[in-house]
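Reviewing the structure listed below.
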Amino acid sequence: MHLDVQDLRNFYYRSALGRAAQHSLRTRMLELWPEAKGQTVVGFGFAAPLLRPYLADARRVMTLMPGPQGVMPWPAGMPNTSVLTEETLWPIETGHVDRLVLMHGLETSDRQGDLLEECWRVLGPGGRALFIVPNRAGFWARSDITPFGYGRPYSLGQLETQLRKHQFLPERQLGALYLMPSTRRAFRRSGPLFEKVGRHMPTIMAGGAFMVEVTKLVYPPKGKVARTPARRSIRVLEGVGAVTPAMV
């Protein structure tokens with residue numbers, strides 16, 4: 001079940017907790033991908049809050065928002081790059097994406113397998129994808145005041161197993177959202193401290209979300225190659241000049 005785009009927009013752009021979450025997630029993403037000069041960057045779900053740093057140098061930045069969620073214009077004050085699309089049928093040619101970010105897309109999808117196949121299709125050779133999902137053991141997955149409290153949360157092992165099943169190779173993992181999912185001022189003030197400490201913790205002890213960077217696996221054709229022996233040419237006149245012994 002996808003969340004409504006209005007609720008997502010209100011959280012990330014109009015609430016103090018949402019803006020803090022946006023900063024935490026974007027900072028961690030930029031540790032993995034500090035720039036995307038000349039590349040095609042695509043976000044699916046509600047990845048728009050993370051993609052603004054790439055607008056200046058990327059060749060193209062596009063935000064795909066699934067139909068059940070709804071769409072909003074983005075970025076503000078600039079030509080719109082948001083597209084309302086079918087969840088598993090994106091208006092992108094095969095192999096044309098260099099950087100792909102999924103946030104609030106995988107855990108809320110009812111067709112996760114088909115969605116991952118579409119991600120694999122559009123990702124180009126050498127491209128990388130970043131999957132951001134709620135941490136099943138984190139506080140954010142247990143709170144319904146944030147978007148991370150909806151859908152199916154994951155453990156790191158569950159997410160990587162599902163990605164490998166659909167021909168993705170996990171390369172790097174990060175944790176994010178170490179601040180508490182609370183609107184209380186005391187927790188908001190201590191948020192930067194929690195974030196600073198959390199970045200030095202093992203990924204398995206991640207905060208509210210996992211961020212897994214993957215590359216695309218391309219396997220050779222499976223099975224045995226059948227070899228058909230070359231047929232011997234038919235000699236139509238073969239034996240015509242042979243001498244046949246006379247019968248007595």
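The values are calculated or read from the model by the stated rules, or taken from the named source; none is laboratory data. What you are looking at is a predicted structure, and each value in this text was computed from that prediction instead of being measured. Virtual Cβ from ideal backbone geometry, glycine too; neighbours counted across all protein chains shown. Surface areas here come from the heavy atoms of the whole protein model, side chains and all, with no ligands, DNA or RNA. Shrake-Rupley method; radii C 1.70, N 1.55, O 1.52, S 1.80 Å.
Being surrounded by fewer than 19 Cβ atoms within 10 Å (Cβ to Cβ) and among the basic types (Lys, Arg) is the requirement here; does Arg19 meet it? Here the answer is yes, as Arg19 does meet what is asked. Scanning segment 171-190 for residues that are farther than 16 Å from Trp140 by Cβ and either open to solvent by 80 Å² or more (accessible area, probe 1.4 Å) or modelled with pLDDT of 65 or more (or both) returns Glu171, Arg172, Gln173, Arg185, Arg189.
Here Glu31 passes the criteria (1) at pLDDT 95 or above; (2) of a type in the set (D, E, K, R); (3) under 21 Å from Gly127 (Cα atoms); (4) in a helix (DSSP H, G or I) except the one numbered (1). Once segment 8-18 is narrowed to residues that are more than 22 Å from the chain's Cα centre (by Cα), assigned to a helix (DSSP H, G or I) and not aromatic (Phe, Trp, Tyr), the residue that is nearest to Thr146 (Cα to Cα) is Leu17.
A count restricted to segment 63-77 and to residues that are touching a residue at least 24 places away in the same chain (Cβ under 8 Å) and not polar (S, T, N, Q) stands at 9. Each residue in segment 112-148 was checked for being farther than 25 Å from Val41 by Cα, touching a residue at least 24 places away in the same chain (Cβ under 8 Å) and either touching a Lys or Arg at 6+ places or on another chain (Cβ under 8 Å) or among the aliphatic types (A, V, I, L, M) (or both), and 2 pass. Residue pairs, Cβ under 9 Å, 6 or more apart or interchain, first in segment 1-15 and within 17 Å of Pro73 (Cβ to Cβ) and touching a residue at least 24 places away in the same chain (Cβ under 8 Å), second open to solvent by 60 Å² or more (accessible area, probe 1.4 Å) and among the charged types (D, E, K, R). List them. So the pair list comes out as Tyr12/Arg19; Tyr13/Arg19. May I ask you to verify whether Glu195 is within 25 Å of Arg99 (Cβ to Cβ), acidic (Asp, Glu), surrounded by 19 or more Cβ atoms within 10 Å (Cβ to Cβ) and modelled with pLDDT under 80? So Glu195 fits the description; yes. On the stretch given as segment 130-161, residues that are out of contact with any helix residue (DSSP H, G or I) (no Cβ under 7 Å at 6 or more places or on another chain) and polar (S, T, N, Q) total 3. Annotation: of all residues in segment 133-167 being closer than 20 Å to Asp110 by Cβ and among the aromatic types (Phe, Trp, Tyr), the one that is farthest from the chain's Cα centre (by Cα) is Tyr150. Based on what the data block shows, is Gly38 in contact (Cβ under 8 Å) with a residue 12 or more places away in the chain, outside any helix (DSSP H, G or I), open to solvent by 10 Å² or more (accessible area, probe 1.4 Å) and of a type in the set (Gly, Ala, Ser)? Judged against the criteria, Gly38 is a match.
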